[in-house]
Structures are given as C-alpha cells and as structure tokens.
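Asker: Just passing along the structure, written as structure tokens.
Each value in this text was obtained by applying a stated rule to the coordinates, not by laboratory testing. From a predicted model like this one, the values you see are computed outputs, not experimental measurements. Note: ideal-geometry Cβ built from the backbone for every residue, glycine included; neighbour counts use all protein chains shown.
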Amino acid sequence: MDQINHTGLISGMNDLGQLEASVKAAQKMVGAATMQLDPEALQHAENAIRDAKDIMSRANETGVDSDFVNKQQQLLQQCEHQLSEARK
C-alpha cells in the first residue's frame, strides 16, 4: 500500500493507477476552476497538477508502461496550458 504524502492516506492502487486517478482529478479540477475563475479554485487546480506530477515522478516506468505515462504527461500539459490561459 502506498501512502499519499500530503494527506497521510493509504491507497491500495499501484503507481500507474494512482497516476491515472490523479491526472483525472487534475483534469476535473482544472475544468471546474477555469469555468468559475475563482482564485482559490485555480490554486487548488494548480495543486492537483503538482500532485499528479509528483506521482508521475515516482511511477515505475517500464517499457510496457512508457506509452501510458507519456499520455498522462500530455494530459497534464494540456491542463497546465488551460490553467495558464484562464489566468490571463
């Protein structure tokens, strides 16, 4: 079981499962924040992206999983772009 650093929670998911869940959460938070344009929501979305990147850096990349990890990285880059556009 993996412990999530900032919350102290323990998850039964493997690294790739955590990565996928964190990217999906970041996408949803960015989408909601950019619709609301609330500064606090934008900050939470930025934190969600950072958390997903932290999980990505810990994910065990293997030859089989590299395509998956690359796709998740692209999705996070799209989130970052959307968030930066909303802050303009």
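Asker: Where Lys and Arg each count +1 and Asp and Glu each count -1, what net charge lies around Lys71 among other residues with Cβ under 11 Å from its Cβ?
Answerer: Here the charged neighbours net out to -3.
Asker: Sticking with this one: Treat each spin label as a single point 7 Å out from the Cα along the C-beta direction, and report the Leu75 to Asp15 distance in nm.
Answerer: Spacing of the two 7 Å Cα→Cβ label points: 1.8 nm.
Asker: Here's something else I'd like to know. Quick one: which residues, 5+ away or cross-chain, put their amide H under 5 Å from the amide H of Met13? H built at 1.01 Å from N.
Answerer: Result for Met13 returns Asp2.
Asker: While we're here: Measure off 7 Å from each Cα along the Cα-to-Cβ vector at Ser66 and Arg87, then give the distance between these two points in nanometres to one decimal.
Answerer: 3.2 nm
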